[in-house]
Amino acid sequence: MGTIVPKMRGKRAVDRCRLRRNDLTTVATGLPSTLPRAAGSRWLASYATFAMPQAAVPISFALVAFPATGDAQDGALLVLAMTLAQIVGAVPVARWGSRWNAVRFLHVLVALRTAGLIAVAVLARFGVDFVWLSLAAAAAGFVNGAAYGYLRATLNHLIPADRMPRMLSAAATLNEVTFVAMPVLAATLGSFSVTAAVVAPAVLGAASLLLMPRVPGASAPAASATRSAPSGQAVLWLACVVATSSAVAAIEVGAVAIAVGFGMPTAWGALFAVALCAAAVASGIAVGVCNWRMRTGWTAVALVVTAIGAVLAAVNIAVWVTLLGAVMIGAFLTPLATHYSLIFDEITPPDRRAEVFALYRTSVAVGIIIASAMTAFFSTAAALVLSAIAILLMLLVISVARRRPSWGTDRRG
């Protein structure tokens, strides 16, 4: 027994030391020390798979629309139905889940989105009317914005604040890769089966259910009885998101038109979109490696460079000038996305984060709709110039608003 007691005392001392260290970790990071180290990596994988269905729908819905209406361009109507439903459903659906565990509610929303997309494939398979296809696409979109809001809000329970820039830049980089790769996958599958082109991305998106780590404490604090509108600061940043996303979308949507304008084959349109995405991926890697977050001065530089890039891409002087403009837009795409996400983290109370992040995702969709409409009814150059004007206008408004004493104190979300 004389040899056992010291060992037991030593073990208890080690346990007490470990518990004390865990308590200090919880205090220092604000996170439970029992979370597995792989939780952040699993969230990142979940984030990447979550975006796959939305990245594939421009191609997969076009493949669905062609046998239904005889015109593949009607697939854009399905995308529009899904996007408009996302705009309508973002806030109410996010509020419905405020009393749930965030991960469990996210599972419900992803399951509903998957069911909606599979319904599109099944209905198309049986040749039902195009209206029903639109309703199924809208059902999938109705929960998509809120699902993103809860996915992003969950990260706050997994990663300490000092690691957020690296994680968010990695997420934004993966998002760019996903939006380049998934249309190719959908087109490849569509050459064999239209149903597979819709179902496969939907199933891949549902993989986020399995990849998302469990976080027992991921419930928002009790919300106030009255729900106020987002703060003026949040509204300004959301408007800035719309402006910058419209510049990006103008290049991606109008890439073929840009190529045709230079007398190039339509297939060369991918060159401009790839240049933008390559710059975004490169900047995302740089931000992730350095764990860098833009401050006020760099944010202004990023917005000005993005606006100049949009103007250069619009003037159609030469191919290399347009490529330079696309690269300038892409160079700050990931840093700005990271900055927006961190800003909304700071200015939003915990019980409103899922809602505001849903609005963030919806603002990106609004920017895409504006750029698409401008390109369709006017020209790609008009869409780029409008986005440049909007970016500079928002920079001016935010710069003036920063001088107000209430700028850093309003945390209504």
What percent of all Cα-Cα pairs in the stretch 39-220 falls in each 5 Å bin, counting up from 0? 1, 9, 17, 21, 19, 14, 9, 5, 3, 1, 0
Under the Karplus relation 6.51 cos²θ - 1.76 cosθ + 1.60, θ = phi - 60°, what is the ordered set of whole-Hz ³J(HN,Hα) values for the stretch 307-323, x standing for Gly and Pro? 5, 4, x, 5, 5, 4, 5, 7, 6, 6, 6, 7, 4, 5, 5, 5, 4
Whole angstrom only: what separates the Cα centroid of the stretch 167-196 from the Cα centroid of the stretch 348-407? 25 Å
E176, E346, E355 arranged by Cβ crowding within 10 Å, fewest neighbours leading: E346, E176, E355
Debye, to nearest 20: dipole size of the stretch 225-413, +1 on Lys, Arg Cβ, -1 on Asp, Glu Cβ: 520 debye
Based on the alpha carbon coordinates of the stretch 225-413, what radius of gyration and maximum Cα-Cα distance (Dmax) apply, in Å? 17.1, 60
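What value in Å³ per residue do you get for the convex hull of the alpha-carbon atoms in the stretch 56-95? If you can, show how the numbers build up before the last one.
Working: hull volume 2.3 nm³, N = 40.
Measuring per residue, one finds 57 Å³ for the Cα hull of the stretch 56-95.
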Long-range amide H contacts for V143: which residues qualify at under 5 Å (H placed 1.01 Å from N, peptide plane, sequence gap of 5 or more or a different chain)? none
Quick one: Karplus J couplings for the stretch 165-179, per residue in order, coefficients 6.51, -1.76, 1.60, θ = phi - 60°, nearest Hz, x for Gly and Pro? x, 5, 5, 5, 5, 5, 5, 5, 5, 4, 4, 5, 4, 4, 6
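What is the local net charge at L276, summed over the other residues whose Cβ is closer than 10 Å to its Cβ (Lys, Arg +1; Asp, Glu -1)? Don't skip to the end; give the middle numbers.
Details: positive: none; negative: E176, E252.
It works out to a net charge of -2.
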How large is ³J(HN,Hα) for each residue in the stretch 287-293, as worked out from phi by the Karplus curve 6.51 cos²θ - 1.76 cosθ + 1.60 (θ = phi - 60°), to whole Hz, x for Gly and Pro? 5, x, 5, 8, 6, 9, 10
Cα shape, the stretch 293-344, gyration tensor, a/c 1.5 rule: prolate
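Taking neighbour counts of Cβ atoms within 10 Å as a proxy for exposure, in what order, fewest first, do I159, I59 appear? Don't skip to the answer; put the middle values down first.
Values: I159 20, I59 23.
The order, fewest Cβ neighbours first, is I159, I59.
Sorted from fewest to most neighbouring beta carbons within 10 Å, what does the list T69, T299, T322 look like? Show your work: numbers first, answer last.
On the way: T69 15, T299 21, T322 27.
Least crowded to most crowded, the residues run T69, T299, T322.
Each reported figure results from applying straightforward, stated rules to the coordinates on display, with no laboratory input. In this text, all values refer to a predicted model and were calculated from it rather than measured experimentally. Backbone-built Cβ (ideal geometry, glycine too); neighbour counts: all protein chains shown.
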